[in-house]
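Read the structure below first, then the notes.
None of the figures in this text is laboratory data; all of them are computed from the coordinates on show. Just so we're clear, the structure is a prediction, and the values are computed from it rather than from any experiment. FYI the Cβ positions are ideal-geometry reconstructions off the backbone, even for glycines, and counts take in every protein chain you see.
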Amino acid sequence: MSNPALAETLETSTIASQKHIILPTFDELACEDDIPMETEQHKLQMELLIDSLRLWLAQFPNGYVGGNMFVHYLTANGHKEFKGPDVLVVLDAPKGIRDSWIVWKEGKGPDVVIELLSKSTAKKDKHEKKDVYQNQLFVKDYFWFDPKNPKDFAGFSLQYGIYQPISPDAQERLICQTLGLKLTRWHGFYKMADTTWLRWETLEGVLLPTPEEAEQQRTEVERQRAERLAEKLRTLGINPEDI
């Protein structure tokens, strides 16, 4: 180096960069991959869980639910890593659309994660990802469910830094204490597919409706209200059809 002053400046800059973690920009972070969704059932199951919970969260000022997206986080030694949960829920987070969840940008990681198992992912979901959710992201409640084998359904609650199995209730439902909701296996039609689905329900046992079900419920309530009004008018000697 012909310029000693410049050489010293470059050396100082290199040392400083090694002491500080340089966080990537949003555009440098992955938000998609080349791995296709395993099955249509897998995709529909994600939509069922996400859409019904998003509708339920609408009553609160904050709260985010998403899925099939990357969660970027920093390890204890400052390495940048990511995982892609099928369903993630974050309380006390602004609503809005995100391409990925960046922990250091958002200020926290997911509070609840659900993984949908498949033959190619089950081992990783039950061990590697579970360890990351426990030790790196500190996810409060973690669940897994196999759409092709509904009996493979389990949940874990973070207690003093260690996941403890969540015991099912008498109806074999698992309580998500973080949300104050239950996860239940429900057999029925969703998007014209008749199978066993994983669904959210209240602690009182009421299923969280999908947007389509909620619209049907509103239509039925309006129909019943119109019928009651028509009956009342008839008792007053008024033909509703003449109004």
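Could you tell me which of Gly237, Pro209, Thr195 has its Cα farthest along the dipole of region 194-239 towards the positive end, charges placed at Cβ (Lys, Arg +1; Asp, Glu -1), taken about the Cα centre?
The residue sitting farthest along the positive end of the dipole is Gly237.
Provide the per-residue ³J(HN,Hα) series for region 83-96, in order, calculated from phi with Karplus coefficients 6.51, -1.76, 1.60 and θ = phi - 60°, each as a whole number of Hz, with x at glycine and proline positions.
9, x, x, 6, 9, 9, 10, 10, 7, 6, 10, x, 6, x
Assign one of three labels to region 110-240, namely rounded, prolate or oblate, based on the Cα gyration tensor with a ≥ b ≥ c the square roots of its eigenvalues; rounded applies when a/c is under 1.5, prolate when it is not and a/b is larger than b/c, and oblate otherwise.
Numbers: a/c = 3.62, a/b = 2.53, b/c = 1.43.
It is prolate, given that a/c is not under 1.5 and a/b is the larger ratio.
Under 15 Å from the Cβ of Glu241, count the other residues' Cβ atoms, weight Lys and Arg +1, Asp and Glu -1, and hand me the total. Could you put the intermediate results ahead of the total?
Working: positive: Lys232, Arg234; negative: Glu227, Glu231, Asp242.
It works out to a net charge of -1.
Tell me whether region 23-207 comes out rounded, prolate or oblate; compute the Cα gyration tensor, take square roots of the eigenvalues as a ≥ b ≥ c, and use a/c under 1.5 as the rounded threshold. It would help to have the intermediate numbers written out before the result.
Numbers: a/c = 1.44, a/b = 1.38, b/c = 1.04.
It is rounded, given that a/c, with a ≥ b ≥ c, falls under 1.5.
Would you kindly derive the ³J(HN,Hα) couplings of region 168-177 from the backbone phi angles with the Karplus curve 6.51 cos²θ - 1.76 cosθ + 1.60 (θ = phi - 60°), listing them in order in whole Hz, with x for Gly and Pro?
Each residue of region 168-177 in turn: x, 7, 4, 9, 6, 9, 10, 8, 9, 4 Hz.
Excluding residues fewer than 8 places away in the same chain, name every one of the lysines whose C-alpha is closer than 22 Å to that of Lys83.
Lys43, Lys95, Lys105, Lys108, Lys119, Lys123, Lys124, Lys126, Lys129, Lys130, Lys140
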